[in-house]
Amino acid sequence: MRAFEFPDVEEDEIGRLGDDLSALGERFEAALASVDDGDALDALRLTFLGRNGEITALRRSIGTLPAAERPEAGKTINEAVARLEAQLERASSALTNRELAAQLDVAIDVTFPAPPARTGSIHPLRRTLEDACDYFQRRGFAVVLGDEIETEYYNFDALNIPADHPAREGFDTFYLANGKLLRPHTSPTQIRTMQQHPPPIAIVNPGKAYRRDAVDARHSYMFSQIEGLLVAPGIHLGHLKGMLTGLCRELFGPNQAVRFRPSFFPFTEPSAEVDTTCPGCGGSGKRGDAGCKTCGGSGWIEIGGSGMVHPDVLRECNYDPERVSGWAFGLGVERIAMVRYDVDDLRVFFENDPAVLAQLA
Ligand code: PHE
């Protein structure tokens, strides 16, 4: 009796699948040849490779094959899919290139006027700082930059503010976890500079300072100061007044005056607040019939503090107060810029709205 022989279907079925796939490949290529835009390409992709496309139908038919042949059949289909996808990819980039070339082909009128170039502007705070530094540099002062993170020694002790001194409270200081602090004024740079350089000394130090202040139209936890320091034999308060008057004339206009109001700072003696003529009303305190809003009707604007460097501070820096004397000042840059640019809210300087800054440029 003859043993039952299974028909040798393997060759046949795989062979048939191969035929089907090459027929499909030819139809695909024919269709691809007539594709001339992205939509048609997408439609073609769906017809052949989509979820209900021809390849999916072929894949489903794998299930009817004997189990042993299915892996081989799956592989054959995957290879065909890879070929189709590669062709689609090539066709797609060819289409993109053609579209770009078409765009470039449009006549370009090189004489057409370009839109005006948009340039930035120097920030009003920076401009004020730079103008002030420039004024002092032309008079032989050096510009030095200090660190915004300072130690209690440079910020307080060396400036004649011992630990139990009430003036420490006046500087609402941010303390850092490492025992250092965010400087509440630029004065520590005086100490650092004098300890590194013997007299005579003439510096200005622009920079940021920080205080625990709530933000409103006139206050911010971050602000800028410009510190000045001049120490040499025979320096007196008159030099300071002359220098600050010159600065205010340069920043605000030729008719500015400066006045000192007695004040107190532990690191200067005597000490004075610095006022300058209100540029809003020219010092009259009036605008039209109303009181001047910029100065509150006083005719003066306060711009900072100043004084003669305290002998203890000089000694702390190994300067001999018998041989040299000096003055120092610390001016509020936002305050100066507000008056200079007629801005009544300093938040404008930090919000940085380009439209506003362009107006102040
Ligand atoms: N450091 C002082 C302040 O921030 C200002 C000042 C500087 C006063 C230098 C006198 C001399 O208030």
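The values are calculated or read from the model by the stated rules, or taken from the named source; none is laboratory data. As the structure is a prediction and not an experimental result, all values here were calculated from the model. No Cβ is skipped: glycine too gets one built from the backbone with ideal geometry, and neighbour counts run over all protein chains shown. To get the accessible areas, we keep the full protein, side chains included, count just its heavy atoms, and leave off ligands, DNA and RNA. Shrake-Rupley method; radii C 1.70, N 1.55, O 1.52, S 1.80 Å.
For the reader, a short list of remarks on this structure follows.
- All conditions but one from (1) within 16 Å of the ligand (Cβ to nearest atom); (2) open to solvent by 30 Å² or more (accessible area, probe 1.4 Å); (3) under 21 Å from Arg168 (Cβ atoms); (4) of a type outside the set (A, V, I, L, M) apply to Thr268; the one that does not is (2).
- Residue count for the range 217-258 satisfying the condition of being within 16 Å of the ligand (Cβ to nearest atom), assigned to a strand (DSSP E or B) and either open to solvent by 40 Å² or more (accessible area, probe 1.4 Å) or farther than 17 Å from Gly282 by Cβ (or both): 10.
- Matching helices (runs of 4 or more DSSP H) fully within the range 293-361 where at least 2 residues are within 17 Å of Glu130 (Cα to Cα): 333-340, 354-360
- Each residue in the range 159-206 was checked for being in a helix (DSSP H, G or I) and under 16 Å from Thr268 (Cα atoms), and 9 of them qualify.
- When the range 204-216 is limited to residues that are open to solvent by 10 Å² or more (accessible area, probe 1.4 Å) and touching a strand residue (DSSP E or B) at 6+ places or on another chain (Cβ under 8 Å), the one that is nearest to the ligand (Cβ to nearest atom) turns out to be Arg211.
- Boolean, His165 is within 16 Å of the ligand (Cβ to nearest atom) and open to solvent by less than 40 Å² (accessible area, probe 1.4 Å): no
- Within the set Phe141, Phe48, the sole residue that is open to solvent by less than 50 Å² (accessible area, probe 1.4 Å) and closer than 30 Å to Lys208 by Cβ turns out to be Phe141.
- A residue that is under 30 Å from Pro200 (Cβ atoms) and either touching a residue at least 24 places away in the same chain (Cβ under 8 Å) or away from the ligand (no atom under 16 Å from the Cβ) (or both) cannot be found anywhere in the range 346-354.
- Residues being within 16 Å of the ligand (Cβ to nearest atom) and touching a helix residue (DSSP H, G or I) at 6+ places or on another chain (Cβ under 8 Å) - total across the range 326-345: 8
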